[in-house]
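J.: Once you've had a glance at the structure underneath, I'll fire off some questions.
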Amino acid sequence: MIIGVPKEIKNNENRVALTPAGTQELVKRGHTVYVQTTAGAGSGFQDDEYQKAGATLLPSAADVFAKADMIMKVKEPVEQEYKLIRKDQLVFTYFHFASYEPLAKAMLESGAVCLAYETVERADGSLPLLVPMSEVAGRMSIQEGAKYLEKPLKGRGILLGGVPGVKPAKVLVLGGGVVGANAAKIAAGMGADVTIVDLNLNRLRYLDDVMPKNVHTLVSNEYTIREQVKESDLIIGGVLVPGAKAPKLITRDMLKTMRPGTVLVDVAVDQGGCIETCRPTTHEDPTFIIDDVVHYCVANMPGAVPYTSTLALTNATLPYAIRLANQGWKKACQESQELRLGLNVIQGQVVYKAVADAFNLPYTEVSKYLA
Ligand SMILES: NC(=O)c1ccc[n+]([C@@H]2O[C@H](COP(=O)([O-])OP(=O)(O)OC[C@H]3O[C@@H](n4cnc5c(N)ncnc54)[C@H](O)[C@@H]3O)[C@@H](O)[C@H]2O)c1
């Protein structure tokens with residue numbers, strides 16, 4: 001198969017979908033890999049390393065899209081890329097369709113096959129291609145939150161861990177999944193007083209077992225969240241309903257009950273956000289303030305730590321990419337239930353129910369294409 005790796009062009013996105021090591025694995029299996037020049041530079045991988053691994057460098061994204069059977073990306077295609085995507089081309093990347101209708105419409109019009117990293121799903125319900133980025137974003141959310149709690153950055157001016165004789169900060173984590181558990185672990189390690197809320201009691205039981213003593217768990221409901229936000233210094237949004245928009249757990253009116261300088265980090269912003277007042281921001285201008293509450297809503301948080309993120313992501317995506325390249329998307333998806341669940345759009349039809357529901361689009365069973 002011919003595989004194309006364009007350079008990411010989303011604001012401050014420095015990750016790349018394939019490393020030189022991954023290139024070598026594909027090339028040694030007989031595949032051809034085209035990489036756009038400087039695609040890996042932001043993650044510390046130079047053009048000559050890709051060439052040594054067997055890739056051919058191409059000067060522009062247009063060249064890469066024109067040649068490849070399978071495009072491997074990191075972020076969802078942006079407007080400039082829509083027109084480059086060809087009918088029947090396989091695009092393997094994060095899409096997060098449910099949060100952005102123009103992207104869904106553009107991909108339907110392109111006639112491409114869109115296999116979304118975020119909905120590839122194991123039999124146990126885990127999402128293997130979301131996990132590594134959620135690990136990064138969860139850990140980073142506390143690093144960023146701690147920074148924006150500083151007074152010069154408009155926060156409350158409270159140190160997460162406190163000091164002897166002074167109380168630590170209170171951190172509320174919405175959702176105890178991968179983002180939430182990683183956030184809680186780092187916040188607890190820094191000495192904060194941490195509360196995780198989740199709907200899933202079994203998950204709360206597990207977290208209660210494995211987390212340190214300064215992490216508490218609560219069942220998620222509106223009453224509890226209303227009470228908690230009044231006394232929290234840092235709130236992390238990490239809820240997910242797979243493939244659908246995030247539920248708004250923090251509503252506009254709750255902001256007035258928070259202390260001035262409270263910091264909200266809505267990691268779930270890529271699925272629409274779980275904080276009503278959240279809108280996507282970038283690493284160049286990551287925060288905005290409403291009612292004296294600092295909002296940090298960067299949709300591609302791992303992009304700020306591209307070295308760690310590229311390696312974490314490609315460790316997880318490469319085995320699937322190899323399978324898609326070896327077998328083609330149809331056979332690979334016939335044989336692998338995990339990959340089949342990644343199919344969101346096929347040749348002008350939505351084949352993932354939650355995406356169809358989000359925009360009232362017609363839904364077609366994926367089995368129709370795999371017979
Ligand atoms: N901004 C970024 O850069 C970035 C990076 C990685 C992940 N994310 C996003 O972070 C979000 C969380 O990802 P994850 O991997 O932790 O997901 P996950 O599935 O591991 O965890 C989600 C948790 O939310 C819980 N939940 C669902 N509804 C809830 C509710 N009403 N109240 C409380 N908890 C509820 C679930 O029970 C689950 O435990 C996703 O939207 C993901 O796309 C964003």
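J.: Starting from 0 in steps of 10 Å, tell me what percent of the Cα-Cα pairs of the range 131-299 lands in each bin.
T.: The distribution over the range 131-299 is 11, 45, 37, 7, 0, given as percents.
J.: What list do you get for E276, E25 if you sort them by fewest beta carbons within 10 Å? Let's see the in-between values first.
T.: On the way: E276 15, E25 19.
Listing E276, E25 from fewest to most nearby Cβ atoms yields E276, E25.
J.: Just to be sure I understand: of the beta bridges DSSP finds with both ends in the chain, what percent are antiparallel, rounded to 5?
T.: 20
J.: When the Karplus curve 6.51 cos²θ - 1.76 cosθ + 1.60 is applied with θ = phi - 60°, which whole-Hz ³J(HN,Hα) does each residue of the range 362-367 get, with x for Gly and Pro?
T.: x, 10, 10, 4, 5, 4
J.: Let me know the shape class of the range 295-371, please: from the alpha-carbon gyration tensor, a ≥ b ≥ c as square roots of the eigenvalues, rounded when a/c is under 1.5, otherwise prolate if a/b is greater than b/c, or oblate. Present the calculation step by step, with values, prior to reporting the outcome.
T.: Numbers: a/c = 3.60, a/b = 1.29, b/c = 2.80.
Verdict is oblate for the range 295-371.
J.: If you restrict to DSSP beta bridges whose two residues both lie in the range 181-287, what percentage is antiparallel, to the nearest 5?
T.: 10
J.: Among I2, Y34, N12, flag the residue with its Cα farthest along the positive direction of the charge dipole of the range 1-54, charges on Cβ as +1 for Lys/Arg and -1 for Asp/Glu.
T.: The residue sitting farthest along the positive end of the dipole is I2.
J.: How large is the helix-only mean residue ellipticity at 222 nm for the chain, computed as the sum of -39500 (n - 2.57) over DSSP H runs with n ≥ 4, divided by its residue count, in deg cm²/dmol to the nearest 500?
T.: Helix contribution divided over all residues of the chain: -10000 deg cm²/dmol.
J.: Quick test of the membrane-span-like rule: which DSSP H helices of the chain reach at least 27 Å along their long axis (C-alpha atoms) with mean Kyte hydropathy at least -1.0?
T.: 306-335
J.: Further question on the same structure: Nearest 20 debye, what's the magnitude of the dipole of the range 131-299 about its Cα centre given +1 on Lys and Arg Cβ and -1 on Asp and Glu Cβ?
T.: With only Lys, Arg, Asp and Glu charged at Cβ, the dipole is about 240 debye.
J.: Let me ask another. Rank these for me by crowding, V194, V345, going from fewest to most other beta carbons within 10 Å.
T.: Details: V194 31, V345 27.
Ordered from fewest to most neighbouring Cβ atoms within 10 Å, V194, V345 come out as V345, V194.
J.: A further question follows. With a ≥ b ≥ c taken as the square roots of the eigenvalues of the C-alpha gyration tensor of the range 86-141, please select rounded if a/c is under 1.5 and otherwise prolate if a/b is larger than b/c or oblate if it is not?
T.: prolate
J.: Between their Cα atoms, which of K75/K245; K7/K87; K75/K154; K28/K67 are more than 26 Å away from each other?
T.: K75/K154
J.: Report P(r) for the range 118-224: all Cα-Cα distances, bin width 5 Å, range 0 to the bin holding the largest distance, values in whole percent.
T.: 2, 12, 20, 21, 20, 13, 7, 3, 1, 0
J.: Order of K330, K10 from fewest to most other C-beta atoms within 10 Å?
T.: Arranged by neighbour count, lowest to highest, K330, K10 become K330, K10.
J.: Once the cut-off is 35 Å, how many percent of the Cα-Cα pairs in the chain end up in the long-distance tail?
T.: For the chain, the share of Cα pairs beyond 35 Å comes to 27 percent.
J.: Under a 10 Å cutoff between Cα atoms, tell me which one of T310, T32, T262 has the largest fluctuation in the Gaussian network model of the chain.
T.: T32
J.: Let me ask something additional. Among L249, I186, M133, flag the residue with its Cα farthest along the positive direction of the charge dipole of the range 131-299, charges on Cβ as +1 for Lys/Arg and -1 for Asp/Glu.
T.: The residue sitting most towards the positive pole is I186.
J.: Distance from the Cα centre of the range 5-66 to that of the range 219-237, in angstrom?
T.: 43
Just so you know, all these numbers are worked out from the coordinates, no wet-lab data involved. Please read all numbers here as calculations on a predicted model, not as lab measurements. Cβ coordinates were reconstructed from backbone atoms using ideal geometry, including for glycine residues, and neighbour counts include every protein chain displayed.
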